[in-house]
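This report refers to the structure that appears directly beneath it.
The values are calculated or read from the model by the stated rules, or taken from the named source; none is laboratory data. It should be emphasised that the depicted structure is a prediction, and the values quoted were computed from it without experimental measurement. So basically every Cβ, Gly included, is an ideal-geometry build from the backbone, and we count neighbours across all protein chains shown. Side chains included, ligands, DNA and RNA excluded: accessible areas come from the protein's heavy atoms. Shrake-Rupley method; radii C 1.70, N 1.55, O 1.52, S 1.80 Å.
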Amino acid sequence: MLARVCSAAVNGIEAYPVEVEVNAGYGETIIVIVGLPDAAVKESRDRVTTAMTNSGFKFSYGRTTINLAPADVKKEGPSFDLPIALGMLAASEQIETDQLDNFIVVGELALTGAVRSCKGVLAVALRAKTEGKIGVLVPAGNAAEAAVVDGLQVIPVQNLREAAQFLEGEIRITPTKVDVAKLFDQPMEDDADFAEVKGQESVKRALEIAAAGGHNVLLIGPPGTGKSMLAKRLGSILPPLTLAEALETTKIHSIVGLLPAGVGLVTRRPFRAPHHTASDAGLLGGNINPTPGEISLAHHGVLFLDELPEFKRSVLETMRQPLEEGKVTISRAAGTMTFPAQFMLVAAMNPTPDGKMPHESKSSPREIQNYLSRISGPLLDRIDLHVEVPPVKFREISGERTGETSAQIRARVVAARQRQQQRFAAKPRITCNARMGTKEIKEFCALDEPTRELLKNAMTEYNLSARAYDRILKVARTIADLAAAATISSDHISEAIQLRSLDRQLWG
């Protein structure tokens, strides 16, 4: 007898439908899986047959052929265990049901018959809705994740027998429901707060500007000045994720397997801090069948690169395209994958090999130049703000005075982002000032003649590139938004230039 079960698999960050066809026939007892299965899928025949036996079902003797269609796409992972088992039960007439066409089924089986969690369930649930299915049968540990998709019945199953009984109508399983609005209503409580940072008011101001416009920032200063401490608190002043951003972020984390069990939605902007020994595949994504890397895991969040010159130059250079386009394209023999990568880059570094400013360093000019040359000019041009982090004075460290809290700064950042959303209402692909293209810069960053002359003189004095010109205008537009100003003034341009000039003092 022939049985068909609807399932799905993940390719990149999107799911595509897979039809599991099971035919039980006569002949030598053997189970054959076709349809380009990988090793984990081939091993499912042993897991499935043992799980069936331990769940009280009979093993079907004779030749069983399992086809995973479409046959020309490689199938990976153990998530086909449950649909294969249900298909074998239907093909051997151990269950009778007309519900197999109404649900997409995914899940890994333990030898006991228990259903284990698997990766990429949110993408599968979104695909099920696109395909017009009534719902999905998923492991109980993934139910909250799938339930964030509105208008879909999410049936959590604990084991194979429970799934079979549900499909036959012998038992009723209450669909899992998640109140998405309630997830976003949770207060943003951070262990790390800007009020804990003593001094460094100019750096806090720069990070506020970066958060308000989504700008990349480079912190340059000696060791112990608080660069890492400041960077790790940036997430506490970023605006909350929208539902669309949260779904995209959750989908990426689910596919990589970083979504904690029972968590339905990532509602906080991610903060990723890879070590400087990370490879280009680890940072951008890769392997034989490409999977998202650190820059995609930081999508809609922050990517923090500490000790920037210690990263391999080849690794840093591969970030130029994602920083410019907000996505990364990886080509392999198996195909080409595009992953989203709209992140804020926050980098930190020492100004010289011994950590001191150039005029205080004992390193030779050649040693300093070799150290700084690990970061290329084109990469620096893609970083909007270059901020000096000076040593903190004793009276600031020992004083009782505290600065503004993260909540106070975040309120100004959110207000500035709302102004940008209104400005770009007709341009949904632009989410903040940092994402403006040449056309938008011309439209929204107009300057009067005195302000234009000021910028012209700065370009000449600091020998800034054309890309730096655009970055200064974007930053000035953000500074104006923080001040609730409709137009960019000379004061806004002056502050933006000050946040851009440090790289020429060091690298010029």
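Details
- Pairs of Cα atoms nearer than 8 Å and 6+ residues apart set the relative contact order; for the chain it is 13 percent.
- Model label points for residue 456 and residue 263, set 7 angstrom from Cα along the Cα-to-Cβ axis, are 5.3 nm apart.
- With a threshold of 22 Å on the Cα-Cα distance, the over-threshold entries among 327/427; 74/133; 42/119; 75/251; 133/327 are 74/133; 133/327.
- FRET E, pair residue 307, residue 427, Förster distance 51 Å, beta-carbon r, rounded to 0.05: 0.85
- Pair residue 279, residue 40: separation of 7 Å Cα→Cβ label points (nm): 1.8
- Apportionment of accessible area to carbon and sulfur, the chain, percent (1.4 Å): 49
- The trypsin sites (Lys or Arg not before Pro) of segment 1-99 that meet both conditions, a loop assignment by DSSP and at most 10 other Cβ atoms within 10 Å of the site Cβ, are 58.
- Span-rule helices in the chain, defined as complete DSSP H runs reaching 24 Å or more along the axis (Cα) with Kyte mean at least 1.0: none
- Calculated accessible area for segment 171-292 comes out at 43 Å² per residue, all protein chains present (probe 1.4 Å; ligands, DNA, RNA ignored).
- Under the combined filter of DSSP loop state and at most 15 neighbouring Cβ atoms within 10 Å, segment 294-344 retains these trypsin sites (Lys or Arg not before Pro): 312.
- Solvent-accessible surface of segment 1-55, averaged per residue with a 1.4 angstrom probe and all protein chains in place: 47 square angstrom.
- Whole-angstrom gap from segment 372-449 to segment 1-43, using each part's C-alpha centre: 50
- Estimated 222 nm signal from helices in the chain, with DSSP H stretches of n ≥ 4 weighted -39500 (n - 2.57), rounded to 500: -10500 deg cm²/dmol
- Bridge type composition, the chain - antiparallel percent by DSSP, nearest 5: 50
- Rolling a 1.4 Å probe over the protein heavy atoms gives segment 101-168 an accessible area of 34 Å² per residue.
- Across segment 53-111, C-alpha contacts under 8 Å between residues 6 or more apart give a mean separation that, scaled by the residue count, equals a relative contact order of 42 percent.
- Within the chain, the longest run free of exposed loop sites, counting GluC sites (Glu not before Pro) that sit outside DSSP helix and strand states (H, G, I, E, B) and have at most 12 other Cβ atoms within 10 Å, spans 190-359.
- For residue 497, the solvent-accessible surface computed with a 1.4 Å probe is close to 10 Å², ligands and nucleic acids excluded.
- Net dipole in debye of segment 175-312 [+1 Lys, Arg Cβ; -1 Asp, Glu Cβ; about Cα centre; nearest 20]: 100
- Stretched out straight at 0.36 nm per residue, the stretch from residue 243 to residue 185 would grow longer than its current Cα-Cα span by 19.7 nm.
- Spin-label model, residue 362 to residue 325: label points 7 Å out along the Cα-to-beta-carbon direction sit 4.7 nm apart.
- Contact order relative to length of segment 87-196, as percent, for alpha carbon pairs under 8 angstrom and 6 or more apart: 23
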